[in-house]
Amino acid sequence: MYIVIEGIDTAGKSTQLDILANKYKDAVFTKEPGGTKIGSKLRQMVLGGEAKSKLAEMFLFLADRAEHMQEIVNKNKNKIVISDRSMISGIAYAKHLPLDDVIKLNLLATENTLPSHVILLKLSKEELKKRLSLKEHDSIESRGIDYLIDIQNRMEETIKKLNLNYIFIDASLSIEKISKNIEDFLNE
């Protein structure tokens, strides 16, 4: 089982991943970008703003994704793999390019491997604004609230377009309610 938790920054992915780690002690937990040694370096390059063009940024993420699929997901096919982000984020953040083209590139990087379960934690514009005011911003968060809401919408569009097994959860719900919704979805 390959489970991914998606959502824009501050949606509560890390909190839910911590809860899942307590429930699925034998699962392999990972993240994109940065789930491998190479990926960690690529992630720092992107978040540090080293890639000056959006195209270069996307290709750094694709390199990370290919490595991640090979080194983490494929090597653990007989285990539960739970990832903080996936190709869905990669596709959503490459919004400057046509969706179909970006999907093709990501399917190439993942060798057509898709998640079995997708959890998207969604924030309203108002809730996002409130949460962002409480933290420092990296180069992606600094692009603004409208940018992040557009990314969230593109995540939703991508999930539907790929016809994935998914649940969309209101991230403003209590931590316990979100966790229960996730548990119910994974046990279906």
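Observations on the structure shown:
- For segment 176-187, backbone phi angles converted through the Karplus equation (6.51, -1.76, 1.60; θ = phi - 60°) give residue-by-residue couplings of 5, 5, 4, 4, 5, 4, 5, 4, 4, 4, 6, 8 Hz, Gly and Pro being listed as x.
- Mean separation of Cα contacts under 8 Å (6+ apart) over length of the chain, as relative contact order %: 32 percent
- For a label point 7 Å along the Cα-to-beta-carbon line of K129, residues of segment 147-188 with backbone N under 15 Å: 147-150
- Remark: the A56-S40 segment gains 4.1 nm on full extension, using 0.36 nm per residue and subtracting the alpha carbon distance.
- Flagged links, alpha-carbon separation over 22 Å, of K37/K130; K13/K52; K54/K77; K95/K122: K37/K130; K13/K52; K54/K77
- 19 Å Cα-Cα reach of K129 towards aspartates and glutamates, excluding residues that sit fewer than 8 places from it in its own chain: E6, D9, D138, E141, D146, D150, D170
- Backbone N within segment 16-35 under 14 Å of label point (7 Å from M1 Cα along the Cβ vector): 20-29
- The computed semi-axes √(5λ) of the Cα gyration tensor in Å for the structure shown corresponds, within [x] 29, 17, 16; [y] 32, 20, 14; [z] 23, 21, 16, to [z].
- Computed E for K75/I145 - FRET, C-beta separation, R0 41 angstrom, nearest 0.05: 0.60
- Antiparallel content of DSSP bridges confined to the chain, in %, to 5: 0 percent
- For K161, a cut-off of 14 angstrom between C-alpha atoms picks up these aspartates and glutamates, skipping any fewer than 8 places away in its own chain: D100, D101.
- Taking the helices alone, the chain has a mean residue ellipticity at 222 nm of -15000 deg cm²/dmol, built from -39,500 (n - 2.57) per DSSP H run of at least 4 residues and averaged over all its residues.
- The simple spin-label model puts a point 7 Å past each Cα toward its Cβ; for A63 and T15 those points are separated by 3.6 nm.
- Estimated inter-spin distance, K160 and K177, nm [label 7 Å along Cα→Cβ]: 2.3 nm
- Estimated vicinal HN-Hα couplings, Hz - segment 20-29 in sequence order (Karplus 6.51, -1.76, 1.60; Gly, Pro = x): 4, 4, 6, 8, 10, 5, 8, 6, 9, 9
All of the numbers you see were taken from the coordinates with simple rules; none came from a lab. The model shown is predicted, which means the values in this text are computed figures rather than measured ones. Note: ideal-geometry Cβ built from the backbone for every residue, glycine included; neighbour counts use all protein chains shown.
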